[in-house]
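Have a look at the structure below, then the notes.
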Amino acid sequence: MHDALFTPIKVGAIEAKNRIFMAPLTRGRATVPGFVPNEMMVEYYRQRAGAGLIISEATGISREGLGWPSAPGIWSAEQVEGWKPVTQAVHDAGGKIILQMWHMGRLVHPDFLDGNPPVSASATTGPDHAHTPTGRKPYEQARELSVADIARVVEDYRKAAANAKEAGFDGVQLHGANGYLVDQFLRDSSNLRTDEYGGPAENRVRFLREVLEALIDVWGADRVSVRLSPNGETQGVDDSHPATTFAAAAQVCQDLNLSFVELRQPGPDGTFGRTDVPKQDGMIRKIYTGPLVLNSDYTAAEAEADVVSGRCEAISFGRPFISNPDLPARIAAGAEWAPNKGVPQTWYMPGAEGYIDYPTMEEEAATS
């Protein structure tokens, strides 16, 4: 039993029953066309309601911002209706769930945009290949957002936040990590602008601030959070002075009094992304005084240690939640991730296999 992980915590207005949060996990099971949540997703999230807080899979705020096959959106009335049974199921099972808001920026392939180019902070191109409905294809160069375009995208975030409220979520999280649009503005390898949104870190965080302010207008600061990835390269996005950049981002979070900040911080031995760039949570902790949630390759023992030491208030677990829907119960029982093992080949496949067919400990005991 890891007692510290099972101490309730309040993050803003949200009361979490434990400090084992479910990290956002793209799974690609929404119904297409339409990118609409479905009954299979209702069961998936219901099974994982034992988390102190579920952060939903990344969800497109607009057609322009979504370039992942069968990922869900939150811009249409049909999508809102699809999400309502999901949030209701989580609440009925005693859980809390917030929506992660996603604009992929330059990582949207033109195939998703009727052949039009994607948008980004600058006219740059993502590395490697995009997943499209017709297979993997090289990314194409993005169109630089004008100042008027930026205002329009901020408004897209605002409308999506209102839709998330209508859908019954407990709050929203801005996806500001992993090389997507907000990250493309934050870091100097992808933000080559010379106007008020580019140049020094104080300018590069302007888009982050404006989007967060729009979300707060809808939800209030105590139900708005952000995810950042402050150390190392991700999907071609990097920064020459991460401490400077993310100190400025942390100041935005402090100024706006966000409900919590989540940091994805891989290390040199990371299983999804590896980097020797130092983790930045210590520096961020000195600036942002609200709840800090850390993520990336944690064991239960490591999570317990970081919560006990005060390094953070909670840990978000990602891939362990894929194959262990009752992960908090397993941690409480001392079962370190076992016995269910993830099968990566099924992570993004359509259908129930590798999605809602993992047994709980109770189900295993009943059949043994």
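Values computed for the structure shown
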| quantity | calculated |
| --- | --- |
| Interchain or long-range residues, amide H under 5 Å from GLN173's placed H | LEU99, GLN100, MET101, SER225 |
| Full-stretch length increase - ALA305, SER189 - with 0.36 nm per residue and alpha-carbon distance subtracted | 38.3 nm |
| Kirkwood hydrodynamic radius of the stretch 116-254, Cα pairs, Å | 15.6 |
| Partner lysines for LYS159 [C-alpha distance under 17 Å; skip if fewer than 8 residues away on the same chain] | LYS84 |
| Most fluctuating residue given options ILE55, ILE331, ILE315, as computed from a GNM of the chain linking Cα atoms under 10 Å | ILE331 |
| Relative contact order, percent, the stretch 82-222 [alpha-carbon distance under 8 Å, six or more residues apart] | 27 |
| Distance between modelled label sites at GLN254 and ASP357, nm, 7 Å Cα→Cβ extension | 5.1 |
| Listed residues PRO33, ALA123, THR87: farthest to the positive end of the dipole of the chain (Cβ charges) | ALA123 |
| Percent of Cα pairs exceeding the 13 Å cut-off, where the set is the stretch 308-368 | 65 |
| Centroid-to-centroid separation of the stretch 1-73 and the stretch 287-348 [C-alpha atoms, Å] | 14 |
| Simple spin-label estimate for GLU78 and LYS137 in nanometres, 7 Å along Cα-Cβ | 2.2 |
| Per-selection Kirkwood Rh - the chain (Cα, Å, 1 d.p.) | 20.5 |
| Cut-off under 5 Å, modelled amide H: who pairs with THR31 long-range | VAL36, ASN38 |
| Charge sum, other residues only, whose C-beta stays under 10 Å from VAL108's C-beta, Lys/Arg counted +1 and Asp/Glu -1 | -1 |
| Theoretical ellipticity at 222 nm over the chain - DSSP helices of four or more residues, -39500 (n - 2.57) apiece, nearest 500 | -9500 deg cm²/dmol |
| Axial C-alpha extent at least 15 Å, average Kyte-Doolittle at least 0.5 - helices from the chain (DSSP) | 206-219, 242-256 |
| Hydrodynamic radius (Kirkwood) for the stretch 1-133, which is based on Cα pairs only, to one decimal in Å | 16.0 |
| Using alpha carbons only: equivalent-ellipsoid semi-axes of the stretch 130-212, gyration tensor based, whole Å | 23, 21, 12 |
| Length released on extending from LYS159 to PHE6, taking residue separation times 0.36 nm less the Cα-Cα span | 51.5 nm |
| Local electrostatic count at TYR355 - Lys and Arg +1, Asp and Glu -1, tallied over other residues with Cβ under 13 Å | -1 |
| Point-charge dipole on Cβ atoms (K/R +1, D/E -1) for the chain, about Cα centre, debye to 20 | 180 |
| Stokes-Einstein D (µm²/s) once Rh is taken as the Kirkwood radius of the stretch 210-271 over alpha-carbon pairs, at 10 °C in 1.306 mPa s | 123 |
| At R0 = 25 Å, FRET efficiency that the Cβ-Cβ distance of ARG319 and MET40 yields, to 0.05 | 0.85 |
| Calculated diffusion of the stretch 293-342, Stokes-Einstein form, Kirkwood radius summed over Cα pairs, 20 °C and 1.002 mPa s, µm²/s | 192 |
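Rule-based calculations on the coordinates, nothing more; no lab input. Computed from a predicted model, the values in this text were never measured in an experiment. Using ideal geometry, Cβ is built from the backbone for each residue, glycine included, and neighbour counts are taken over all protein chains shown.
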